[in-house]
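Novice: Mind having a look at this structure? Questions to follow.
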Amino acid sequence: MKNKVMKRKTRETLIAWSFMSVWVLGFLIFTMIPIFTSLYYSLSDVVLSGEGIIVTFTGFDNYAQVFSSAEGFNFLRSVSDFAIEILFKVPIITVFAIIIAVLLNQKIKARGFFRAIYFLPVIIASGPVISQLINQGAATIPQIEELGFINLINETFNEGLARPIANIFSELIVILWFSGVQILLFIAALQKIDKATYEAAMIDGAGVWESFWKITIPSLSSMVLVSVVFTIINLATFSENEAIQHIKNNMFALETGFGFSSAIAWLYFIVLAIILAVFFLIFKGFSKDRGRK
Amino acid sequence: MKKINKMKIRHFFMGKSFNDGFIGKLSIYLLLIIIGFVYIYPLLKMFAYSLKDLEDLVNPTVQWIPTKVYLGNYKISFIVLNYGMTLIFSLLVTLVPAVLQTITTSLIGYALAKFKVRGRTIIFAIILLTYLLPVQVYMIPRYVLFDQLGILETAWAIILPALFGQGLSSAIFILIFYQFFRMQPKALDESAEIDGANAFQTFIKIGVPLAGPAYLTAFLFSFVWYWNETYVSSLFIGSDLYTLQLKLFNFTSQFNMAQGISEQALNEAIRYSATILIILPVLLVYVVMQKWFVEGIDRTGITG
């Protein structure tokens, strides 16, 4: 009997791994080995020659070059711009997506029509198309510049902060094009809320405003984290992002090459990990706060 | 009598609660229309522009509606983009990876949901990590690998990672399938087993048919994301084989290369007609499958 149970367990393990085998194999070949190779490249001088690639270990030379060369400086500046911008963009996108999701979830006529419009950004989200939208001037609110708003920002903040903040205002509408999937996520979460909860709250005398803060928002909170992570990754890997352009452009640049590119790719990942950690901590602190109340 | 009327009027405007009264409803509609305009406006403007001929373009009185429907811009874009061939190639590096990625991620999602084997948590951790790790970190060695395999600048460079579940946002799809398969009642699998089906038969006969919405959602998002992807594909597919998106990205140089076809200089109208041509395929898919984008997300239980 015991033998049979054991056998069943081994069989299950075998079956499970055979289902996973394609992915595991792919992960080893196309992801894991490349990750370690990339780490090694970042610590090496990589030269492409007729016979192939010549990799010479040089320690932290590439990383030192990032902090000492003009190219490295450009990269660092675009990364810090990106980091500052994301601190503003993530809350804007999240709040906007929640508002739209709540509105779209109301009992309204032509809901299908409105949803069709608001999910357009899910499908029209490619770099080239978005930059066409920007080109066309449909991306800015003219009043912001006319009213001297940008000047005000430039005067108030020091240069390092003013540029990204001014960017955010001039791109306010483009930012909204990055909220398609997040709206979807929040609508899915809203539909999970039992309608009886609202009815019960109404009988107890809660108004719409109270129901919104006491029922809707708490039940969205787990989705907020999902949405925030998605937003950060999505913005970080968006093809028009300047920081990742540097990584690609340096691959074939004469002075830098694969080694330097790998090094800045890893630095970029470290910054990204820090940003994710910051948002995670903010989120954790926020939900703890709620718990105490 | 008068009092009841007053109440009625009050209820009509204010509703029993905010969101079913007239004012509440009106403000919801107004907000939705105004904000929705942000998305519709550039598309409409692009479309209107793309139909303008040179006269209309310079004529300041023609703002929105062109004096006549002029398709010349589309003709030029069609040639510059080499639309027929490029569309076929774009579909090849969009549809094929989307299908393959959906199948592979469903396999591992199924295994993670149904079999509680050792190492499961590690696999989960790895999957999440691959989502958080940007592709930039490992794309250079991948580039070298593809170069050595001789598949650089071919469709294989996009298809192969997708086949092995290492494509675009694979992690998200694995999680979708995991959530979905986990919700299927275990009793069904057990009864299939009693009937003598092996694990693969159970998967094909019971798992897959019941997971229709998950497959559709995964496929749709895969399709759209692959269609819109330009960063990695520009590196792996390169300059010989262009996708539609890449041609749009390099539209100016593409236009200059194809010169002689039109005596016209590149203008906004041509550019916008090209943009419209490029979003057209996904737009069509969207119109047909619209409700699945929402219902799919809902039914796959990402929220759970």
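Condition check ((1) touching a residue at least 40 places away in the same chain (Cβ under 8 Å); (2) of a type in the set (Ser, Thr, Tyr)) across all residues:
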{"position": "A:18", "(1), (2)": "no, yes"}
{"position": "A:25", "(1), (2)": "no, no"}
{"position": "A:33", "(1), (2)": "no, no"}
{"position": "A:40", "(1), (2)": "no, yes"}
{"position": "A:45", "(1), (2)": "yes, no"}
{"position": "A:65", "(1), (2)": "yes, no"}
{"position": "A:104", "(1), (2)": "yes, no"}
{"position": "A:107", "(1), (2)": "no, no"}
{"position": "A:114", "(1), (2)": "no, no"}
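Novice: May I pose another question? Give the residue that is surrounded by the most Cβ atoms within 10 Å (Cβ to Cβ), with candidates limited to residues of the stretch B:83-103 that are closer than 19 Å to residue A:22 by Cβ and touching a Phe, Trp or Tyr at 6+ places or on another chain (Cβ under 6 Å).
Specialist: Selected residue: B:102.
Novice: Can you confirm whether residue B:62 is outside any helix (DSSP H, G or I), closer than 28 Å to residue B:268 by Cα and open to solvent by less than 70 Å² (accessible area, probe 1.4 Å)?
Specialist: It is true that residue B:62 is outside any helix (DSSP H, G or I), closer than 28 Å to residue B:268 by Cα and open to solvent by less than 70 Å² (accessible area, probe 1.4 Å).
Novice: Right, another one. Take residues that are more than 18 Å from residue B:38 (Cβ to Cβ) and within 11 Å of another protein chain (Cβ to nearest Cβ) and tell me which of the helices (runs of 4 or more DSSP H) falling wholly in the stretch A:64-128 contain 1 or more.
Specialist: Passing ranges, in order: A:111-118.
Novice: Considering only the stretch B:185-282, give the helices (runs of 4 or more DSSP H) lying wholly within it that have at least 1 residues that are among the hydroxyl-bearing types (Ser, Thr, Tyr).
Specialist: B:186-194, B:199-202, B:212-228, B:231-236, B:251-257
Novice: Same structure, new question: How many of the residues in the stretch A:132-152 are part of a helix (DSSP H, G or I) and either buried (at least 20 other Cβ atoms within 10 Å of the Cβ) or modelled with pLDDT of 80 or more (or both)?
Specialist: 2
Novice: Another question about this same structure. Evaluate the following for residue B:187: is it open to solvent by 20 Å² or more (accessible area, probe 1.4 Å), among the aliphatic types (A, V, I, L, M) and modelled with pLDDT under 90?
Specialist: It is true that residue B:187 is open to solvent by 20 Å² or more (accessible area, probe 1.4 Å), among the aliphatic types (A, V, I, L, M) and modelled with pLDDT under 90.
Novice: Go through the stretch B:190-214 residue by residue and tally those that are crowded, with 20+ Cβ neighbours inside 10 Å and more than 25 Å from residue A:8 (Cα to Cα).
Specialist: Counting residues in the stretch B:190-214 that are crowded, with 20+ Cβ neighbours inside 10 Å and more than 25 Å from residue A:8 (Cα to Cα) gives 2.
Novice: Kindly indicate whether residue A:274 is within 22 Å of the chain's Cα centre (by Cα) and open to solvent by 30 Å² or more (accessible area, probe 1.4 Å).
Specialist: yes
Novice: Here's a follow-up. Condition first: assigned to a loop (DSSP other than H, G, I, E, B), surrounded by fewer than 17 Cβ atoms within 10 Å (Cβ to Cβ) and facing chain A (nearest Cβ under 8 Å). Now tell me which residues in the stretch B:117-159 satisfy that.
Specialist: Passing the criteria: only B:118.
The values are calculated or read from the model by the stated rules, or taken from the named source; none is laboratory data. Model, not experiment: these values are computed from the prediction. Cβ sites come from the backbone with ideal geometry, for glycine too, and all protein chains shown count toward neighbours. Surface accessibility is based on the protein's heavy atoms, side chains included, excluding ligands, DNA and RNA. Shrake-Rupley method; radii C 1.70, N 1.55, O 1.52, S 1.80 Å.
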